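Notes for the one structure printed next.
The values are calculated or read from the model by the stated rules, or taken from the named source; none is laboratory data. Predicted model, so just to flag it, every value in this text is computed and none were measured. Positions of Cβ are generated from backbone atoms using ideal geometry, with glycine treated the same way; all protein chains shown enter the neighbour counts. Protein only, heavy atoms only, side chains kept; ligands, DNA and RNA dropped before computing areas. Shrake-Rupley method; radii C 1.70, N 1.55, O 1.52, S 1.80 Å.
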Number of protein chains: 2
Amino acid sequence: MTTQITPQQYGVGARFTLSVYDSDYVRIILDALSAADPTGLEIDTGDISTFISGSEQRILEYLAEVISAAAATGVHVSASILLSRGCPGELQCELPPGVAALGADPIRLASVGRRARAHWSLYPLLDAIKDDATSAPQDRSGGTGVPGDHMEPIYAAIKGAKEAGIYSASDHFATRLDGDLADVLETVANAWIGVGANVQHVVTHVTISMNSPTQV
Amino acid sequence: MTTQITPQQYGVGARFTLSVYDSDYVRIILDALSAADPTGLEIDTGDISTFISGSEQRILEYLAEVISAAAATGVHVSASILLSRGCPGELQCELPPGVAALGADPIRLASVGRRARAHWSLYPLLDAIKDDATSAPQDRSGGTGVPGDHMEPIYAAIKGAKEAGIYSASDHFATRLDGDLADVLETVANAWIGVGANVQHVVTHVTISMNSPTQV
């Protein structure tokens, strides 16, 4: 496996919407965006959501900084985040031929010291290919391997969240996470990265809520 | 294909987070939720998101009513919506054996008269099975059919959005929609239902923004 492929070539990136439940939301959102370090990232903020492209570690650091800065105001905030890796489905995706799936190192985030509650879903968009040793590298249509079960990596990711102490419950369509914002983002991102080692096109969505007045 | 299978058995439902960018958000959200007709639906509102189960038509009517009521206050609102159909991944999913995929009639919504801008993604979680006439009904692991291309139904759905006049652009990881809230929700839901006729487990995510001060 070559290391020459950049995250951008592989379609690694995020899209997120930061919601601030306060009449002063414009200032709070702009302050939060400018509080985060954009080093190494391509960032494009639009009217619906913000696009981020770069390495997995830098993308997640940026997300943690933006959301944490908004939550530090004390107002109720939520963030709807999409993380994607693999092609196609990404305008910039230019995957060299023969690359079946490309993992990455797990990310690590410094503790934020703020509680986040989240609903999380993980979507492997091609079933894992169970290789037989004699087959050629699989292409994205499934190649010569045998299709696996797309729920298998999802259950493994939920098991990982339980081991991390972040798992809170299994709700309809989503797994409930509860913990420090950094731990929640780490769990979501590392499951996405981990599944991405076997499945090329993997998307995960998480809705994070902080400072909610609703007691749980 | 039997008509005895209920949407609940098939895991049809939604999860959504309504975000209100105003200090009076608690009242606005509660008013919006109570303005919508819950007939025929199971609704469970929690601290992160609201779960809805029922028929496709009723779910989308409810979503249109809640979001429209919140937007009618004139404040900036966004809604992050997940629609899911098929098993597993749904706590209540009890799919009878031999059911490969189950479509539904397209939904129809009355015009809301309010503009919505959206970022939309569609995830067929099993590749479409290209049946050969002699094969037995496919099971969810792929059965005896030949796996198709999971991007094919996505491109078809984007084509449908263009024909509906709702397509605005292809952004990274998402298709941009722009139009009456009802038309945006119809496009999203009917693509999800349409892909669901061939693919059992289909999820779609859309982030809708209304009354945004950002001009586009």
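Numbers for the structure displayed
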{"item": "Cα centroid separation - region B:33-57 against region B:104-119, whole Å", "result": "17"}
{"item": "For residues of B:33-46, the mean tally of beta carbons on other chains within 10 Å", "result": "1"}
{"item": "Total charge dipole magnitude, region B:11-121, about the Cα centre, Cβ charges on Lys, Arg, Asp, Glu only, Debye to nearest 20", "result": "440"}
{"item": "Solvent-accessible area buried by pairing A with B, both sides, nearest 100 square angstrom, 1.4 angstrom probe", "result": "4700"}
{"item": "Nearest-0.05 FRET efficiency for B:A197 and A:T6, computed from C-beta distance (R0 45 Å)", "result": "0.75"}
{"item": "Listed peptides A:155-165, A:115-125 by packing density, highest first (mean Cβ within 10 Å)", "result": "A:115-125, A:155-165"}
{"item": "Average partner coverage of B:70-80, which counts Cβ from other chains inside 10 Å", "result": "3"}
{"item": "Environment charge of B:V75, counting only residues whose C-beta is closer than 14 Å and scoring Lys/Arg +1, Asp/Glu -1", "result": "-3"}
{"item": "Full-stretch length increase - B:S111, B:R27 - with 0.36 nm per residue and alpha-carbon distance subtracted", "result": "27.7 nm"}
{"item": "Local electrostatic count at A:D22 - Lys and Arg +1, Asp and Glu -1, tallied over other residues with Cβ under 11 Å", "result": "-2"}
{"item": "Net charge contributed by nearby residues that have their C-beta within less than 10 Å of A:R117 (K/R +1, D/E -1)", "result": "0"}
